[in-house]
Amino acid sequence: MGPIYILWLRELKRYVRSRAQIAASLGQPLLYLLALGFGLGPIFQKSGHGSYLQFIAPGVIAMTVLFTSIFSGIALLWDRQFGFLKETLVAPVPRITIMIGRTLGGATVAMIQGVLVIIVCLIAGFRPVNLAAVPLAFGFMLLIAVVFGALGTAIGSVLQDMQGFQLIMNFLVLPIFFLSGALFPLTNLPKALGIVTSIDPLSYGVDGLRGALAGISHFGPAIDLSVLCILAAIFLGIGSFLFSRIQL
Amino acid sequence: MIRVHDLVKTFGEFRAVDNISFQVEKGEIFAFLGPNGAGKTTTIKMLTTLLKPTSGRVELDGLNPAVKQNEARQRFGIVFQDPSLDSELTGYENMDLHGVLYHVPRKIRIERIERLLKLFELWERRNDRIKQFSGGMKRRLEIARGLLHTPKILFLDEPTLGLDPQSRNQLWTHVKNLNESEQVTVFLTTHYMDEADRVADRIAVIDHGRIVAQGSPAELKEQTSSDSLEQAFLTLTGSSIRDESAGSADQLRQFAKMWKR
């Protein structure tokens, strides 16, 4: 337990100490929320879907959790570059323990970041439809954090240097976000886009969050939950396998 | 304390470590010398469970590090060639994290951290973040950290790289004292021959992945009939400069390696 706790604590300390980064990381969600939320709001309203702000807020929260957790996984690369990874890899602790500590730490940070964005959403005028469902929303946030934290760890274990990072960002992280239904409803999509969105893991996270917070659900919470749980198990498995194979 | 038998590591066609064997006795200071790219760091990585040997046997305090990984890890401390501290954490936090990872009980941890930080003259700066530390301070902290879990073996991979003469001198004085007072076996690599001459009981010279000579500093000088260890080293390994920088083909290969594993 000690090693897991101390590595979890390390992630938290690093997060709390980078205040500029915390502020910076709120900028993007804020932009989506205000520019898109208010900018596209009137059109959305006219087409009969209701308030776009209500619709997009869960998507923006999911986006924040996605970015934070996947980057905390990929931060493995930074630790590799700056050497700290070696310190943990020669410690007399099973690799899986180290991976669990890191992933939990990353997930916690992603949750905190998500909560900050929820507060921003509330200030912007977003209102959860059902307060009783808010704990469920936290459950979905945690699942998103674990799924993508583990994916980030898997990627960070395989990448050897920083050059690959931009590629991952443009060809994996951004598509996961844009094709998840965070910004648009999943109903009546062109067939191809419909298929792509249904293989995107984040679609289920966004859908679950939106169901819990805004009362709009495409797949239904049962499907969202099961898909995310299965993916969490798979990604944790892949992540710890790849992490255990790291050689320096 | 350390036994290595017919150790081999190949990367593709390239034999980085080619059939080396040596032994280090308990309480000895053993220097592993060689030009750039000779296989020093690769050997240390295999001894410290970071890299799997292609073939051959390694024993640390009677344990095979490939099989009893965690037991073996508990027995050594290591200072890597490049820094391995978390620069966002303070000196004390880095020590504490290490202590927890190595299962040092809380009470002993607190005592030993204080003793080691004082010994290495870092106690006053314990609450500063590592990014505010100088190169010499970081090195000292890394050695202090490596000793926190009372290892039987201390690996030092070019610990004095980039340090000024004062810091180097102080560092080796500490290492020698620890070796005498706590009977820690020390396995070190360095490019400064005068340092090896001063601190090492025994030396092995490695070149192109093979050990070309072994013995005490005096023996090596005698073998090559030279006055200084530096002279002996040059006689043993030749004076041509080793090109370690990567060509464009190497860089491409590295880039490809990123994607396939």
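The values are calculated or read from the model by the stated rules, or taken from the named source; none is laboratory data. If you're wondering where the values come from, they're calculated on a predicted model, not measured in any experiment. Here Cβ is always computed from backbone atoms with ideal geometry, including for glycine, and neighbour counts include all displayed protein chains.
Please work out which one of (1) in contact with a Pro (Cβ under 9 Å, 6 or more places away or on another chain); (2) surrounded by 19 or more Cβ atoms within 10 Å (Cβ to Cβ); (3) outside any helix (DSSP H, G or I) is the condition B:H103 fails and give its number.
(2)
Hey, among A:L40, A:L26, A:L34, A:L12, which residue is without any contact (Cβ under 8 Å) to a residue 24 or more places away in the chain and surrounded by fewer than 17 Cβ atoms within 10 Å (Cβ to Cβ)? Even if it seems obvious, please write down each step before you answer.
Values: A:L26 fails: without any contact (Cβ under 8 Å) to a residue 24 or more places away in the chain; A:L34 fails: without any contact (Cβ under 8 Å) to a residue 24 or more places away in the chain; A:L12 fails: without any contact (Cβ under 8 Å) to a residue 24 or more places away in the chain.
None of the others qualify; the one that does is A:L40.
All but one of (1) closer than 24 Å to B:D86 by Cβ; (2) outside any helix (DSSP H, G or I) hold for A:F126, so report the exception by its number.
(1)
When only residues in the stretch B:58-92 that are farther than 15 Å from A:K13 by Cβ and among the β-branched types (V, I, T) count, which is nearest to the other protein chains (Cβ to nearest Cβ)?
B:I78
On the given criteria, is B:Q81 touching a strand residue (DSSP E or B) at 6+ places or on another chain (Cβ under 9 Å) and not β-branched (V, I, T)?
Working: touching a strand residue (DSSP E or B) at 6+ places or on another chain (Cβ under 9 Å): yes; not β-branched (V, I, T): yes.
Answer is yes for this residue.
Only residues that are touching a residue at least 24 places away in the same chain (Cβ under 8 Å) and among the hydrophobic types (A, V, I, L, M, F, W, C): list them for the stretch B:58-69, please. Talk me through it step by step, then tell me what you get.
Kept after step one, since they are touching a residue at least 24 places away in the same chain (Cβ under 8 Å), are these residues of the stretch B:58-69: B:58-61.
Within the stretch B:58-69, B:V58, B:L60 qualify.
Residues of the stretch A:157-190 being within 12 Å of chain B (Cβ to nearest Cβ), among the small types (G, A, S) and under 16 Å from the mean Cα position of the chain (by Cα), which ones?
Listed by number, the list is empty, since nothing qualifies.
Is the stretch B:79-98 home to any residue that is part of a helix (DSSP H, G or I) and aliphatic (A, V, I, L, M)?
As a first pass, look at the stretch B:79-98 and keep what is part of a helix (DSSP H, G or I): B:91-98.
Keeping just the survivors that are aliphatic (A, V, I, L, M) gives B:95, B:97.
There is at least one residue in the stretch B:79-98 that is part of a helix (DSSP H, G or I) and aliphatic (A, V, I, L, M).
Taking the stretch B:43-60 as the region of interest, how many residues are surrounded by fewer than 21 Cβ atoms within 10 Å (Cβ to Cβ), in contact with a Lys or Arg (Cβ under 7 Å, 6 or more places away or on another chain) and modelled with pLDDT of 90 or more?
Total meeting the criteria: 2.
Counting residues that are surrounded by 14 or more Cβ atoms within 10 Å (Cβ to Cβ) and of a type in the set (A, V, I, L, M, F, W, C), which helices (runs of 4 or more DSSP H) fully inside the stretch A:157-248 reach at least 3? Quick ask: steps written out before the conclusion?
Numbers: elements: A:163-168, A:174-178, A:191-199, A:201-214, A:221-244.
In the stretch A:157-248, A:174-178, A:201-214, A:221-244 are the helices (runs of 4 or more DSSP H) which contain 3 or more residues that are surrounded by 14 or more Cβ atoms within 10 Å (Cβ to Cβ) and of a type in the set (A, V, I, L, M, F, W, C).
What pairs can you find where one residue is in the stretch B:101-127 and free of Cβ contacts under 8 Å to residues at least 40 places away in the same chain and of a type in the set (G, A, S), the other is surrounded by fewer than 20 Cβ atoms within 10 Å (Cβ to Cβ) and not in a loop (DSSP other than H, G, I, E, B), and their Cβ atoms are less than 6 Å apart, with a gap of 6+ or different chains?
Qualifying pairs under 6 Å: none.
I'd like the full set of residues that are aliphatic (A, V, I, L, M) and not in a helix (DSSP H, G or I), limited to the stretch A:58-89.
Within the stretch A:58-89, the first condition is being aliphatic (A, V, I, L, M), and the residues that meet it are A:60-63, A:65-66, A:70, A:74-77, A:85, A:89.
Residue satisfying the conditions is A:A75 alone.
Output the residues belonging to the stretch A:1-58 that are more than 19 Å from A:A75 (Cα to Cα), touching a helix residue (DSSP H, G or I) at 6+ places or on another chain (Cβ under 7 Å) and within 14 Å of chain B (Cβ to nearest Cβ).
Residue satisfying the conditions is A:G2 alone.
Criterion first (β-branched (V, I, T), over 24 Å from B:T237 (Cβ atoms), within 14 Å of chain A (Cβ to nearest Cβ) and touching a residue at least 40 places away in the same chain (Cβ under 8 Å)) does B:T48 satisfy it?
On the way: β-branched (V, I, T): yes; over 24 Å from B:T237 (Cβ atoms): yes; within 14 Å of chain A (Cβ to nearest Cβ): yes; touching a residue at least 40 places away in the same chain (Cβ under 8 Å): yes.
Yes: the conditions hold for B:T48.
What is the one condition in (1) within 14 Å of chain B (Cβ to nearest Cβ); (2) at positive phi; (3) not basic (K, R) that A:L248 does not satisfy?
(2)
Looking only at residues in the stretch A:78-105 that are more than 10 Å from chain B (Cβ to nearest Cβ) and among the charged types (D, E, K, R), which one is farthest from B:D82 (Cα to Cα)?
My answer is A:R102.
Out of B:M95, B:M137, I need the residue that is more than 8 Å from every other protein chain (Cβ to nearest Cβ) and under 23 Å from B:T189 (Cβ atoms). Which one? Give the derivation first.
Details: B:M95 fails: under 23 Å from B:T189 (Cβ atoms).
Unique residue meeting the criteria: B:M137.
I'd like to know if the stretch B:61-69 contains one or more residues that are modelled with pLDDT under 90, part of a helix (DSSP H, G or I) and more than 13 Å from A:E87 (Cβ to Cβ).
The answer is yes, given that some residue of the stretch B:61-69 is modelled with pLDDT under 90, part of a helix (DSSP H, G or I) and more than 13 Å from A:E87 (Cβ to Cβ).
Can you say whether B:A38 is among the aliphatic types (A, V, I, L, M), in contact with a helix residue (DSSP H, G or I) (Cβ under 9 Å, 6 or more places away or on another chain) and either closer than 30 Å to B:Q132 by Cα or in contact (Cβ under 8 Å) with a residue 60 or more places away in the chain (or both), as far as the supplied structure shows? Break it down stepwise before answering.
Working: among the aliphatic types (A, V, I, L, M): yes; in contact with a helix residue (DSSP H, G or I) (Cβ under 9 Å, 6 or more places away or on another chain): yes; either closer than 30 Å to B:Q132 by Cα or in contact (Cβ under 8 Å) with a residue 60 or more places away in the chain (or both): yes.
Against the criterion (among the aliphatic types (A, V, I, L, M), in contact with a helix residue (DSSP H, G or I) (Cβ under 9 Å, 6 or more places away or on another chain) and either closer than 30 Å to B:Q132 by Cα or in contact (Cβ under 8 Å) with a residue 60 or more places away in the chain (or both)), B:A38 qualifies.
Please specify each residue of the stretch B:107-134 satisfying the condition of being part of a helix (DSSP H, G or I) and either facing chain A (nearest Cβ under 9 Å) or among the β-branched types (V, I, T) (or both).
Residues of the stretch B:107-134 that are part of a helix (DSSP H, G or I), as a first pass: B:107-119, B:123-125, B:130-132.
Listed by number, the residues that qualify are B:I108, B:I110, B:I113, B:I130.
Consider A:G152 carefully, then state whether it is away from chain B (no Cβ under 14 Å), part of a helix (DSSP H, G or I), surrounded by 15 or more Cβ atoms within 10 Å (Cβ to Cβ) and under 17 Å from the mean Cα position of the chain (by Cα).
Values: away from chain B (no Cβ under 14 Å): yes; part of a helix (DSSP H, G or I): yes; surrounded by 15 or more Cβ atoms within 10 Å (Cβ to Cβ): yes; under 17 Å from the mean Cα position of the chain (by Cα): yes.
In short, yes.
Could you list all residues from the stretch B:120-139 that are out of contact with any His (no Cβ under 7 Å at 6 or more places or on another chain) and over 16 Å from A:G83 (Cβ atoms)? Lay out the reasoning, then the answer.
Pass one, the stretch B:120-139, residues out of contact with any His (no Cβ under 7 Å at 6 or more places or on another chain): B:121-139.
Matches in the stretch B:120-139: B:E121, B:L122, B:W123, B:E124, B:R125, B:R126, B:N127, B:D128, B:Q132, B:S134, B:G136.
One line per residue, one yes/no per condition, for (1) assigned to a strand (DSSP E or B); (2) among the hydrophobic types (A, V, I, L, M, F, W, C); (3) in contact (Cβ under 8 Å) with a residue 24 or more places away in the chain:
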site: B:K9; (1), (2), (3): yes, no, yes
site: B:F22; (1), (2), (3): yes, yes, yes
site: B:F32; (1), (2), (3): yes, yes, yes
site: B:I44; (1), (2), (3): no, yes, yes
site: B:K52; (1), (2), (3): no, no, no
site: B:G56; (1), (2), (3): yes, no, yes
site: B:E71; (1), (2), (3): no, no, no
